[in-house]
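Q: Pasting in a structure now, in structure tokens, and then I'll have a few things to ask.
The values are calculated or read from the model by the stated rules, or taken from the named source; none is laboratory data. Keep in mind that this is a model prediction, so the values were computed, not measured. We place every Cβ from the backbone using ideal geometry, glycine too, and count neighbours over all the protein chains shown.
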Amino acid sequence: MWITHTVEKRVIRLPLSEVIIPIDTFNPVEFFGVNDSNLEIIRKGFPELKLVARGNEIKVIGDEKHIHLFSEKINKLIQHYQKFGSLTADNVSHFLGAEPSREMAQQPPTGDVLVFGQNGIMVRARTANQKRMVESSEKNDVVFAIGPAGTGKTYTAVALAVRALKNREIKRIILTRPAVEAGENLGFLPGDLKEKIDPYLRPLYDALYDMIQGEKVKTYVENGIIEVAPLAFMRGRTLDNAFVILDEAQNATESQLKMFLTRMGPSAKFIVTGDTTQVDLPKYQPSGLIQATRLLKNIDGIEFVTLDATDVVRHRLVRDIIHAYDKEPAQEKDNNRDYKGRRPSKRNDQEHSEKESD
């Protein structure tokens, strides 16, 4: 392809360059605007270039000098959209060289924002220990986040994974949980394999849908960019170029947690979350998370972050409930539990009393 310039009545034909800029981490309709309104402003700002928007990419045709300038401007627009979750005509005009509008000047600071979720909601670390979790993940390849329910362990971990995907630091997100019932027998579950295991993985989907557009989540899952699966499905695999989160790790057995951690590829990032006070494993089956806190705490590249009731971000009563359970006298807990920290069954009580009578 060629472009024509007229200089001193001479016609000079210069070769054209062609560049494709991907915008595949968000909805192109929101970026280009309704009826391509934002795209039209961009085209007017670069009349020397031919811009073709198709799907999740922009094809730019023109001379290298103008393409280089265009790439700088469009990358700023992409960064703005990723931060604020929206892109107005005012934003586009500003980044193309116009004066900033009052709306732009009033935008809130976003330095600590992990990701912008649905409707521009800012997802950020809200407590001191959540911030420690973020900092630890940036410095270490394996992070254990241990604390009671409602402290934002899983939500923060998913936000870190989504941020890494949007920043192209990794190629996929893998979210996993042990498929263990929470102290109750649900019996037979109808449906195919996916329908049977989805109830166990629902909290992970909920966090994803808060941070990524619903249709985009479905597309990512279909294309394998996001995988949500039970822990047993990790066996025999090497998880590389991925951000991997193991949730509810207190319900992983010792062998399961060892299996999971040894799946780690050279370019992977792992976060393990769990609550050691809510183990739902069968009786006398020790938790792998409790073992890991003993065995792995002094390994370089692995860090443990402990969250507590001060990090609770649910209803205010959740914090009080956690405090109430923590205050139960240690002796009373011991009287109600066996040596593995679980309540003995009636059958075990009867066997114990029969042995004493013998």
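Q: As an exercise: evaluate LYS44 against (1) among the charged types (D, E, K, R); (2) modelled with pLDDT of 85 or more; (3) surrounded by 15 or more Cβ atoms within 10 Å (Cβ to Cβ) and give the number of the one condition it does not meet.
A: Against the list (1) among the charged types (D, E, K, R); (2) modelled with pLDDT of 85 or more; (3) surrounded by 15 or more Cβ atoms within 10 Å (Cβ to Cβ), LYS44 comes up short only on (3).
Q: Does TYR284 count as farther than 22 Å from ALA159 by Cβ and among the aromatic types (Phe, Trp, Tyr)?
A: yes
Q: Considering only residues that are surrounded by fewer than 23 Cβ atoms within 10 Å (Cβ to Cβ) and of a type in the set (Gly, Ala, Ser), look in the stretch 243-271 and name the one that is farthest from ALA164 (Cα to Cα).
A: SER255
Q: What number of residues within the stretch 262-299 are within 16 Å of MET234 (Cα to Cα) and out of contact with any helix residue (DSSP H, G or I) (no Cβ under 8 Å at 6 or more places or on another chain)?
A: Matching residues across the stretch 262-299 total 4.
Q: Among the residues that make up the stretch 48-64, is at least one of them over 35 Å from the mean Cα position of the chain (by Cα), in a loop (DSSP other than H, G, I, E, B), exposed (fewer than 14 other Cβ atoms within 10 Å of the Cβ) and at pLDDT 80 or above?
A: Within the stretch 48-64, one or more residues are over 35 Å from the mean Cα position of the chain (by Cα), in a loop (DSSP other than H, G, I, E, B), exposed (fewer than 14 other Cβ atoms within 10 Å of the Cβ) and at pLDDT 80 or above.
Q: If only one of THR262, THR306 is touching a strand residue (DSSP E or B) at 6+ places or on another chain (Cβ under 7 Å) and of a type in the set (S, T, N, Q), which one is it?
A: That would be THR306, the only listed residue that is touching a strand residue (DSSP E or B) at 6+ places or on another chain (Cβ under 7 Å) and of a type in the set (S, T, N, Q).
Q: On to the next question. Of all the residues that make up the stretch 270-295, how many are touching a residue at least 24 places away in the same chain (Cβ under 8 Å) and either among the small types (Gly, Ala, Ser) or assigned to a loop (DSSP other than H, G, I, E, B) (or both)?
A: The total comes to 15.
Q: Just wondering, is there one or more residues in the stretch 248-258 that are hydroxyl-bearing (Ser, Thr, Tyr), under 14 Å from the mean Cα position of the chain (by Cα), in the same structural domain as LYS171 (by TED's automatic domain parsing) and in a strand (DSSP E or B)?
A: no
Q: Here is a check on your reading of the model: is GLN256 within 17 Å of LYS153 (Cβ to Cβ) and either acidic (Asp, Glu) or touching a residue at least 24 places away in the same chain (Cβ under 8 Å) (or both)?
A: When the stated conditions are applied, GLN256 does not pass them.
Q: I would also like to ask the following. May I ask you to list the residues in the stretch 119-145 that are closer than 29 Å to ALA324 by Cβ and either in contact with a Lys or Arg (Cβ under 8 Å, 6 or more places away or on another chain) or aromatic (Phe, Trp, Tyr) (or both)?
A: Result: ALA125, MET133, PHE144, ALA145.
Q: Report, by residue number, each residue of the stretch 218-231 that is under 13 Å from ILE174 (Cα atoms) and surrounded by 13 or more Cβ atoms within 10 Å (Cβ to Cβ).
A: Across the stretch 218-231, the qualifying residues are TYR220, VAL221, ILE225, ILE226, GLU227, VAL228, ALA229, PRO230, LEU231.
Q: Something else about it: Suppose the filter is within 23 Å of VAL113 (Cα to Cα) and modelled with pLDDT of 80 or more; does LYS73 pass it?
A: It is true that LYS73 is within 23 Å of VAL113 (Cα to Cα) and modelled with pLDDT of 80 or more.
Q: Look at the stretch 58-71 and say how many of its residues are charged (D, E, K, R) and over 10 Å from VAL19 (Cα atoms).
A: The total comes to 2.
Q: Just for the stretch 56-87: of the residues that are touching a residue at least 40 places away in the same chain (Cβ under 8 Å) and touching a Gly at 6+ places or on another chain (Cβ under 8 Å), which one is nearest to GLU40 (Cα to Cα)?
A: LEU87
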